[in-house]
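Visitor: Just dropping this structure here.
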Amino acid sequence: MSLLETRDLVKYFGDTHAVDHVNFRVGEAEVLALIGSNGAGKTTLVNVISGLLRADGGTIVFKGVDVTAQSVHHRIKAGIARSFQLVNLFDQLTALDNVALSVFSREGKTRVLMRLAETDRAVWQEAQEVLHLFGLEGQARMLAGGLSQGERKLLDVAVAYALRPRLLFLDEPTSGVSTREKAPIMDIITSVVRQEGISAAIIEHDMDVVFSYSDRIVAMHQGTILADGPPEEIRRNEQVIANLIGATS
Amino acid sequence: MDFFLIHLLNALLYASVLFLIAGGLSLIYGVMRIVNLAHGNLYAFGAFVTAWLVGLLAAAPVGLQYLLIPAGALAAAALGAVLEPTLLRPFYKRAEEYQLLVTFGLLMILEDVLRLLWGPYPLTANVLADVMGSVSILGATYPNYNLLVIAVGGAAAAFLWAFIYRSRFGVVLRATSQNMRMASALGVDVNRVYVQAFTLGCLMAGLGGAIIVPSQSAVLGMGVDALVLSFIVVVIGGLGSLEGALAGALIVGVVREMGIALFPEIELAVLYLMATAVLLIRPAGLFGRA
Amino acid sequence: MSAPAAALEARSPARVLFWAVPVAIVLLVLPLVIDQYQTILLSYGLIMGIAALGFNLLLGYTGLLSFGHSAYFGVGAYMVALMVKYLGVASMELFLVGAIIGSVVVTALFGFVCVRYTRIFFGILTLALSQVLWSLAFKFFWVTGGTDGLRVPTPILLGVVTGKGGKIYFLSHAYYYYVLVIFFVCVALMWVIVNSPFGKALQAIRDNETRAEFVGIQVWHYRWVAFMVSGVFTGLAGALWVPLNGLTTPEVLHWTFSGEIVFMTVLGGFRSFAGPIVGAVVFNYLKTYAVGFTVYWQLLLGVVLVILVLSLPTGIVGTAGRLLARARRNQPT
């Protein structure tokens, strides 16, 4: 049984079928790349599965449970987390604070009013470790708003990772980052997820990144899945080449 | 039956004025995405200017005095045209709290400016209403002036609809409201559109005040009351939509009139309860954009 | 990035004590040095400080600008007055309990409706709800005393201290210290709250509501709790205010009073912890001395508010912090 499965998932924007009866699947401990030209529906698919948008039809089943009607809060508790294409962080808080918040939240400790946050050593310890995993321990005391784009992208993933999800959606984790930095960032991300056995679905436009790091590729076009298979197979798929690989970088 | 008709007319009267104020608020929001907390005071300004002018020119022929109603509206429009580039434009790019704070400051300023210019006592312009007499409808008498207000409200709605959906300026307005950057890239002078939209919104509010002052009076505090009421209208109808402002104004007018007839004590509370209920069920209002 | 960094610097315990201890000592010793009238004036300032402190939990820390905090101040004040009128209570402690209960009920109700919305809807909704309370205070004049309001005699503190020895003496001595102790407790309590995991969650919500949702924080729950805590602090201030004023009237529920709370917080600086307190105390003095100056108080406040927002958005504390930081940088070590 797959970790995540969508059945006939539909999302409309007015008359457009942004997600058109999609059967999308993510297995355990697999790294999957979600590709497609702009407007193919990749981000909308992720938005619906993660709970940012409501589905207009179909079901989402995660770990055997139907989560279609569940709130974002419940989906996170179940084990789905995500990062964002336009980096979404708490800019006025430090990098350490950003990650610690995920840990506090996961532990249900954000309900605590009457205790200084500093006193919970275990949380801060874990936050430090997560930052270390992502190579950001040097930036711990810096405000998230002041970090470089590459650091912010990694921090975004670290914040999602700190929720200890089973499935991580990463929306263009290397966009806006210089070509030089892309590989190191992807190296860190994939080594962390593989180490923990977390599944990752990564929306990516950079084909080098896609072919170097994924176990499986899902190609979307105009709201439907065009092709779904291992990199070698996708590389040879004519439709995918015609619609995507030729056109994008 | 006549009882019902009178109430219906009163509801329409109230709705006409509310439509002008709330429509202005909604228009401004629709184009510029800002809510001017001092909007109610522009309604008050229109009322005060008209009442004051009517008092000043009391010796003039009454027919001429009717021209003072548009004068009040234009005064409010002029004030808006001055305020937008000076006080509001610096804040478009800043955090929204600052926008709210500056318009709140403007609210406080205008409240006292009204007091400074015209003193703490109400100003009236009853002559304009009284002179028109009343008409007999199904046995009851009803002021003709109120019918004029209702007509003006309806005409304003029609005019605005035509202006926004049929004129060239309306196209520009709608384009800017839907996508400011795109409109700018296509050569639209966004700053000019903003000040024009803001002025139009203030004109509407000022007209609302000017047209109602012969029937009621211009009194301090009317601005904030209007703000709260027009807020209820846009909550129900949806912010940013003229149809919404019209629908909301009609609903509020009817409910308020029913409330006054049946439970005069809690009329305001009924309106707030209604607004709260709408907010809980349909946060964007009936026609609103989220 | 220097302003937020400076704010963070200020958070370390040593730095906090550096400022807090001398100020506390000054406040403790002041009545021995200044005259009774001045002490009473300072009491008003401290009470408004508590109100502004509560208000800023919502604005500075959660990013919600309320234009209706007069409602909670008024609830606190009227609870005390009604307890005197209908229950014949005279114990200050019971007054405080009553005010807290009243504030919790009203803020839970109002907050439930308001926190589902943000920005402008939140702002006007809070304004509208406070105006409802204000109009109710008029409508039910047989309960609330209408425009005349309700009188409140000097209370009994801790069951033993009364105003029998002279009202002014009582207010400028025993009552001042009572208010001061509660002020210290409120400041300490709020300090813990904003530095707790809950406080961090609020700041996250302020900075990025979507992201907060996606780290598992149910945004509107947190906003609701913050709303209630904020309102209760302000309600407590209202309860402390009534015995000092001797009387409560509907004015204290009116939006213009909410405007003053907003003003004093912005004056002091809403992006810092101490800003609202400083702003409240300064504003209190400004109001006392300027109100004799001009009838057009709203006009003055409005103009100053606009100037503040245009050129000094970080308020007194923020600007002072910046100047200090610049002075330290320019000093040869």
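Visitor: In percent, how large is the relative contact order of chain A, given Cα pairs closer than 8 Å and 6 or more residues apart?
Guide: Relative CO of chain A lands at 28 percent.
Visitor: Going 7 Å from the Cα of C:Phe293 in the Cα-to-Cβ direction, what parts of the range C:250-279 have a backbone nitrogen less than 20 Å from that spot?
Guide: C:257, C:259-269, C:278-279
Visitor: Give me, ordered by chain and number, the residues 5 or more places off A:Val112 or on other chains with an amide H under 5 Å from its own placed amide H.
Guide: C:Phe198
Visitor: Next question, about the same structure. Averaged across the residues of C:313-319, what count of C-beta atoms belonging to other chains lies within 10 Å of each residue's C-beta?
Guide: Mean partner shielding for this stretch: 1.
Visitor: Check which residues have an amide H placed less than 5 Å from A:Glu28's amide H, if you skip close sequence neighbours.
Guide: It is A:Leu3, by chain and number.
Visitor: What is the dipole size for the protein assembly as shown, taken about its Cα centre, with +1 at each Lys and Arg Cβ and -1 at each Asp and Glu Cβ, in debye to the nearest 20?
Guide: 1140 debye
Visitor: While we're on this one: Work out the FRET efficiency for A:Ala78 and C:Ala188 from their Cβ-Cβ distance, taking R0 = 30 Å, and round it to the nearest 0.05.
Guide: 0.15
Visitor: While we're here: Mind sorting A:Arg152, A:Arg25 by how few other Cβ atoms lie within 10 Å of their own Cβ, fewest first?
Guide: Listing A:Arg152, A:Arg25 from fewest to most nearby Cβ atoms yields A:Arg25, A:Arg152.
Visitor: Looking at B:Leu203, B:Val31, B:Phe4, which one has the Cα that reaches farthest to the positive end of the dipole of the range B:2-281 (charges on Cβ: Lys, Arg +1; Asp, Glu -1)?
Guide: B:Val31
Visitor: For the protein assembly as shown, what does the helix formula give at 222 nm: sum of -39500 (n - 2.57) over DSSP H segments with n ≥ 4, over the residue count, nearest 500 deg cm²/dmol?
Guide: Using -39500 (n - 2.57) per qualifying helix, the result is -20500 deg cm²/dmol.
Visitor: I would also like to ask the following. In whole angstrom, how long is each semi-axis of the equivalent ellipsoid of the range C:99-229, when you take the square root of 5 times every eigenvalue of its Cα gyration tensor and sort them from largest down?
Guide: The equivalent ellipsoid of the range C:99-229 has semi-axes of 36, 24, 10 Å.
Visitor: Next question. Hey, fewest Cβ within 10 Å first, where do C:Ser196, C:Ser103 land in order?
Guide: So the residues, fewest neighbours to most, are C:Ser196, C:Ser103.
Visitor: For chain C, compute Rg over Rh where Rg is the Cα radius of gyration and Rh is the Kirkwood radius from the inverse mean 1/r over Cα pairs.
Guide: Rg/Rh for chain C comes to 0.97.
Visitor: Give me the one-decimal nm value for the distance between modelled label points at A:Thr16 and A:Met207, 7 Å along each residue's Cα-to-Cβ direction.
Guide: 2.4 nm
Visitor: Continuing with this model, one more query. How high is the FRET efficiency between C:Ile168 and A:Arg180 when r is their beta carbon distance and R₀ equals 51 Å, given to the nearest 0.05?
Guide: About 0.10, to the nearest 0.05.
Visitor: May I ask you to derive the relative contact order of the range A:29-112, considering only C-alpha pairs under 8 Å and at least 6 residues apart, and to give it as an integer percent?
Guide: It rounds to 16 percent for the range A:29-112.
Visitor: Along the three principal axes, how long is the protein assembly as shown when you take its alpha carbons, biggest first, rounded to the nearest angstrom?
Guide: 92, 73, 55
Visitor: Here is a further query. Which value in nm describes the separation of the simple spin-label points at B:Ala81 and C:Leu244, placed 7 Å from the Cα toward the beta carbon?
Guide: Between B:Ala81 and C:Leu244, the label points sit 4.9 nm apart.
Visitor: For the range A:134-249, what D do you get in µm² per second when you plug the Kirkwood radius from alpha-carbon pairs into Stokes-Einstein at 25 °C and 0.890 mPa s?
Guide: 159 µm²/s
Visitor: Positive end of the charge dipole of chain A (Lys, Arg +1 and Asp, Glu -1 on Cβ, about the Cα centre): tell me which of A:Val19, A:Thr68, A:Ser191 has its Cα farthest that way.
Guide: A:Thr68
Visitor: Among the listed pairs A:Lys77/B:Lys93; A:Lys11/A:Lys77; A:Lys11/A:Lys182; A:Lys11/A:Lys109; C:Lys167/C:Lys287; A:Lys42/A:Lys153, which have their C-alpha atoms separated by more than 27 angstrom in this model?
Guide: The answer is A:Lys77/B:Lys93; A:Lys11/A:Lys182; A:Lys11/A:Lys109.
Visitor: Follow-up question, since we're still on this one. So for the range C:5-254, averaging the separation of alpha carbon pairs under 8 Å that are six or more residues apart and normalising by length, what relative contact order in percent results?
Guide: 39 percent
Visitor: Just going by the charge dipole of the range C:5-254, with Lys and Arg at +1 and Asp and Glu at -1 on Cβ, which of C:Leu17, C:Ala52, C:Ile34 is farthest out on the positive end?
Guide: Selected residue: C:Ala52.
Visitor: For the range C:208-218, in order, what is each residue's ³J(HN,Hα) by Karplus, 6.51 cos²θ - 1.76 cosθ + 1.60 with θ = phi - 60°, in whole Hz (x at glycine and Pro)?
Guide: Result, ordered by residue: 6, 4, 4, 4, 4, 4, 7, 9, x, 8, 7 Hz.
Visitor: Just the Kirkwood number for chain A, please: inverse of mean 1/r across all distinct Cα pairs, in Å, one decimal.
Guide: Evaluated on chain A, it is 18.6 Å.
Visitor: Treat the range A:82-130 as a sphere of radius equal to its Kirkwood radius over Cα pairs and apply Stokes-Einstein at 37 °C in a medium of 0.692 mPa s; give the translational diffusion coefficient in µm²/s, rounded to a whole number.
Guide: Value of D from the Cα-based Kirkwood radius: 282 µm²/s.
Visitor: Please get the size of the charge dipole for the range C:5-254, origin at its Cα centre, with Cβ charges of +1 on Lys and Arg and -1 on Asp and Glu, quoted in debye to the nearest 20.
Guide: Dipole about the Cα centre, nearest 20: 180 debye.
Visitor: Shifting gears a bit: Go through the range A:162-169 residue by residue and turn each phi into a ³J(HN,Hα) via Karplus (6.51, -1.76, 1.60, θ = phi - 60°); whole Hz please, and just put x for glycine and proline.
Guide: Coupling constants for the range A:162-169: 4, 7, 6, x, 9, 9, 10, 9 Hz.
Visitor: Quick one: Debye curve from the alpha-carbon atoms of chain B only, equal weights, vacuum; give me log10 I(q)/I(0) at q = 0.07, 0.09, 0.15 Å⁻¹ to two decimals.
Guide: -0.25, -0.42, -1.18
Visitor: Of the listed peptides A:93-104, A:68-79, B:116-127, B:239-250, what is their order by residue-averaged count of other C-beta atoms within 10 Å, with the highest listed first?
Guide: The most tightly packed comes first, giving A:93-104, B:239-250, A:68-79, B:116-127.
Visitor: Along the range A:131-144, what does the Karplus equation 6.51 cos²θ - 1.76 cosθ + 1.60 (θ = phi - 60°) give for ³J(HN,Hα), rounded to whole Hz, x for Gly and Pro?
Guide: In residue order, the calculated couplings are 4, 4, 4, 9, x, 10, 4, x, 9, 3, 8, 8, 5, 4 Hz.
Visitor: Okay, next question. Starting from the 7 Å offset along Cα-to-Cβ, what nm value, one decimal, do you get for the label separation of A:Gln222 and C:Arg328?
Guide: 6.3 nm
Visitor: Can you figure out the FRET efficiency of B:Leu8 with C:Tyr37, using R₀ = 56 Å and their beta-carbon distance, to the nearest 0.05?
Guide: Computed FRET efficiency for B:Leu8 and C:Tyr37: 0.40.
Visitor: Would you kindly work out the equivalent ellipsoid of the range C:276-333 from its C-alpha gyration tensor and give its semi-axes, the square roots of five times the eigenvalues, largest first in whole Å?
Guide: Three semi-axes, in Å: 30, 13, 9.
Visitor: Could you pull out every residue, at least 5 positions away or on a different chain, whose amide H is within less than 5 Å of the one on A:Met220? Hs are placed 1.01 Å off N in the peptide plane, and Pro or chain starts have none.
Guide: A:Ile35, A:Gly36, A:Leu226
Visitor: Counting Lys and Arg as +1 and Asp and Glu as -1, each charge on the Cβ, what is the dipole of the range B:2-281 about the Cα centre in debye, to the nearest 20?
Guide: The calculated dipole for the range B:2-281 is roughly 980 debye.
Visitor: Provide C:Cys114, C:Cys186 in ascending order of the number of other Cβ atoms located within 10 Å of each residue's Cβ, fewest first.
Guide: Neighbour counts put them in this order, fewest first: C:Cys186, C:Cys114.
Visitor: Also: What residues from the range B:39-75 fall in the zone where the backbone N is under 17 Å from a label point 7 Å along the Cα-to-C-beta line of B:Val131?
Guide: Answer for the range B:39-75: B:50-72.
Since every read-out is calculated from the coordinates, none of them should be taken as a lab result. Everything numeric in this text was worked out from a predicted model, so none of it was measured. Every residue, glycine among them, receives a Cβ derived from its backbone with ideal geometry; neighbour counts consider all protein chains shown.
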